[in-house]
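Peer 1: Okay, handing you the structure first.
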């Protein structure tokens, strides 16, 4: 099986519902072997885009190419999809459940059961293998669901909000597992609100809003295109001393640390000098913007996105 | 459509169904109730029948007391013990008082009072603690009637034995069909049609509801999308229905097995059972009927499962489901009532049309085959139309399925669904 350079590509993809347009001429290219972040506020069309790309929805226009095929269903056994809306059969035993989900992803019964056992071991649920799934905690079920999405070693792993509901220990475990997938050679499409995870995991991103791509590309390139336009500051001084510094467009201040984004044509050195006059500086760094800041700049103006800022600071 | 995917879904559904508490309970309960109905109830009746009813006969001057006592003695269920025959002056309250007291004290169970009548010679009234037992009252009535009739006939010179034989004879029936003539069709046909119709009805309701509930639960637990990533909506629906079909057939096999066992091994050992059931085994279970029943059961089951699955896919909660399911069950209920009409009118145009409409074919055609076998071409036309109905319904519901399965919180409206059906 040849590996195309692009694991997933869609062009001018459109998905309409009765009176709304969920995906609006979306172009997206996910290079093979990378972790790709699909970002956007609630209701921006991420889930609809994913469903359309995976063939769960029939697109109204545009084209999709998944793992070299124009029909996602033809390559479905090479895709591992963890939907945002996910549940499990409450009455089924954990091991049977995982084996069933593995079997509909193309493994034969014996292999499905063997791998189900191995994965339960891997995510620390071996002791619960014979329990009804309904007895597991939400976080434990999340791990079973993640395992079910990657148990058949898919070439493309699509994870829609995989981190919701996980504690820090399991968040770290999941991060490791995602990185393992890439190491194995799989391509990962990650849809999330958690900007720190995007920063830590993703090589490329696409930010969508109202079903349209508003920003896409390699994360490092995107950041570089903004230049070092942000001053990262640790300081001691009175609160408010940093207010209204000329040349600063936007400012975030906790009282001990501050990040200030410069006006496009401001002189960074001049701004730093003026800061020195106002407070006692412990550390200062001229930085690229965080993805969170880029995100907020692109879509944060929307009144309808209170969850976005919440999630971004979580 | 990928067959292995369908099989995997069907297998899981089948196991989930068969292991469910409702399934196990119903599989056991239905034969248990049937057994209770067929064996225990008659036994209960027969015990009341073995009790002897103590009855006094009071004659106000008809001179029929002895003749009536003889007739009463001929009744064997319940056996009647005539405690006394007394000539009384009239049937006033005062005259009857001592006998009513005896009834209250339970030294007798009741008494009959014979009164002269200008037109029909005599009338009788029965006074007793228990007057609500129709078979017993009917037996008493017959005894009184034949006693009076005997008296009437004595004067006319008609042979009494002849008249009595006439009264006891029933209208014999013989069903004529293309294959030949068969005696005594109707009762057997009525019984077996009703039994088979109920089997189909219950199997659909129990298993179909179970499946519909499972689909709504999969929707509300958001499990559906996990599955739809790997299985198409059509495969999912087909697998579900086949799994449910499998569980339904399993249940039916258990029921039929228990029924056969009961009829062949248990029934003959219970003399009352055989008498009460009163149906000749051979006349119910012809091979031909069983073949048609199997075909119609499977197809009918399939048809209604698709309907149930589709209805379930459009519901977002179990509350919504129970309302919507009623709509899906309605044709089945109508069909069940229609079988009564068909049993009485097996060859009218209405019957023939009904039996060719897919929602009604399973029950109505079965009733027709059982009562008055229609021409072979009509039977097979009905079966072909039912298959066609299944394909069309399946095709439409696959569209609805894909559209409605991922909808949460809101039910699709009818215009929306029609739109989905029209779109390719």
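Peer 1: Mind checking the mean number of beta-carbon atoms from other chains within 10 Å of the Cβ atoms in A:101-111?
Peer 2: 4
Peer 1: Return the percentage of antiparallel bridges among DSSP beta bridges fully within the protein assembly as shown, rounded to the nearest 5 %.
Peer 2: 65 percent
Peer 1: I've got another one for you. Can you show me the helix-derived [θ] at 222 nm for the protein assembly as shown, built from DSSP H runs with n ≥ 4 at -39,500 (n - 2.57) apiece and divided by the number of residues, rounded to the nearest 500. Walk me through the numbers before you get to the answer.
Peer 2: Working: 28 runs with 392 residues, N = 738.
Helix contribution divided over all residues of the protein assembly as shown: -17000 deg cm²/dmol.
Peer 1: Can you tell me the orientation of helix A:138-150 relative to chain A, as the angle in degrees between its alpha-carbon axis and the longest Cα principal axis, to the nearest 10?
Peer 2: Tilt of helix A:138-150: around 70 degrees.
Peer 1: Using a 7 Å offset from Cα along Cα-Cβ at residue B:130, what residues in segment B:73-92 end up with backbone N under 20 Å from the label point?
Peer 2: In segment B:73-92, the label zone of residue B:130 (backbone N under 20 Å from the point 7 Å along Cα→Cβ) covers B:73-84.
Peer 1: Taking neighbour counts of Cβ atoms within 10 Å as a proxy for exposure, in what order, fewest first, do A:225, B:100 appear?
Peer 2: Details: A:225 12, B:100 15.
Ascending number of Cβ neighbours within 10 Å: A:225, B:100.
Peer 1: Can I ask one more? Just rank B:40, B:216, A:64, fewest to most, by other beta-carbon atoms within 10 angstrom. Mind showing how you got there, number by number?
Peer 2: Numbers: B:40 13, B:216 24, A:64 19.
Going from sparsest to densest Cβ surroundings: B:40, A:64, B:216.
Peer 1: What's the whole-number percent of alpha carbon pairs in the protein assembly as shown lying beyond 37 angstrom?
Peer 2: 60 percent
Peer 1: Determine, for each peptide in B:132-139, B:13-20, the mean count of other beta carbons within 10 angstrom over its residues, then list the peptides with the highest first.
Peer 2: B:13-20, B:132-139
Peer 1: Want the number for residue B:22 to residue B:51: 0.36 nm per residue separation, take away the alpha-carbon distance, what's left?
Peer 2: Using 0.36 nm per residue and subtracting the Cα-Cα distance, I get 6.4 nm.
Peer 1: Once the Cβ-Cβ distance between residue B:414 and residue B:198 is put in as r, and R0 is 25 Å, what FRET efficiency do you end up with, to the nearest 0.05? Before the final figure, lay out the partial values.
Peer 2: Details: r = 32 Å, r/R0 = 1.28.
My answer for the efficiency is 0.20.
Peer 1: Just checking the output field for A:12-21: average partner chain Cβ neighbours within 10 Å of each residue's Cβ?
Peer 2: Mean number of neighbouring Cβ atoms from other chains: 1.
Peer 1: Note the angle between two axes, namely the Cα long axis of helix A:94-104 and the longest principal axis of the Cα atoms of chain A, as a number of degrees from 0 to 90, rounded to the nearest 10.
Peer 2: Once rounded, one gets 80 degrees.
Peer 1: Angle, helix A:109-122 long axis vs. longest principal axis of chain A, Cα atoms, 0 to 90°, nearest 10?
Peer 2: The answer is roughly 30 degrees.
Peer 1: Next question, about the same structure. Quick check on segment B:50-168: of the DSSP beta bridges with both residues there, what percent are antiparallel, nearest 5%?
Peer 2: 40 percent
Peer 1: How high is the relative contact order of chain A, given as a whole-number percent (alpha carbon pairs under 8 Å, six or more residues apart)?
Peer 2: Relative contact order, chain A: 20 percent.
Peer 1: Now a separate question. Between segment A:58-135 and segment A:202-241, how many Å separate their Cα centres?
Peer 2: Here the two parts' Cα centres lie 35 Å apart.
Peer 1: While we're on this one: So in segment A:6-223, what percent of DSSP beta bridges are antiparallel if you round to the nearest 5?
Peer 2: On the way: 21 of 38 bridges.
If we restrict to bridges inside segment A:6-223, about 55 percent are antiparallel.
Peer 1: Taking the Cα centroid of segment B:284-361 and of segment A:3-37, what is the distance between the two, rounded to the nearest whole Å?
Peer 2: First find each Cα centre; the distance between them is then 46 Å.
Peer 1: Using only the Cα atoms of segment B:26-162, build the gyration tensor, take square roots of its eigenvalues as a ≥ b ≥ c, and label the shape rounded, prolate or oblate: rounded if a/c is under 1.5, else prolate if a/b is larger than b/c, else oblate.
Peer 2: oblate
Peer 1: Oh, and also: Which order, highest average first, do B:115-126, A:193-204, B:301-312 follow once you tally other Cβ atoms within 10 Å for each residue and take the mean per peptide?
Peer 2: Highest-to-lowest ranking by the protection proxy: B:301-312, A:193-204, B:115-126.
Peer 1: Let me ask another. Taking the Cβ of each residue in A:67, A:173, A:190 as the centre, tally the other Cβ atoms inside 10 Å and list the residues starting with the fewest.
Peer 2: Ordered from fewest to most neighbouring Cβ atoms within 10 Å, A:67, A:173, A:190 come out as A:173, A:67, A:190.
Peer 1: Can you give the mean number of other chain Cβ atoms that lie within 10 Å of the Cβ atoms in peptide A:141-151?
Peer 2: Values: counts 0, 0, 0, 0, 2, 0, 0, 3, 3, 0, 0.
Mean partner shielding for this stretch: 1.
Throughout, read-outs are computed from the coordinates displayed, never taken from laboratory work. Treat the numbers as computed from the prediction; the structure is a model and nothing was measured. Note that each Cβ is placed from the backbone with ideal geometry, even for glycine, and that neighbours are counted across all protein chains shown.
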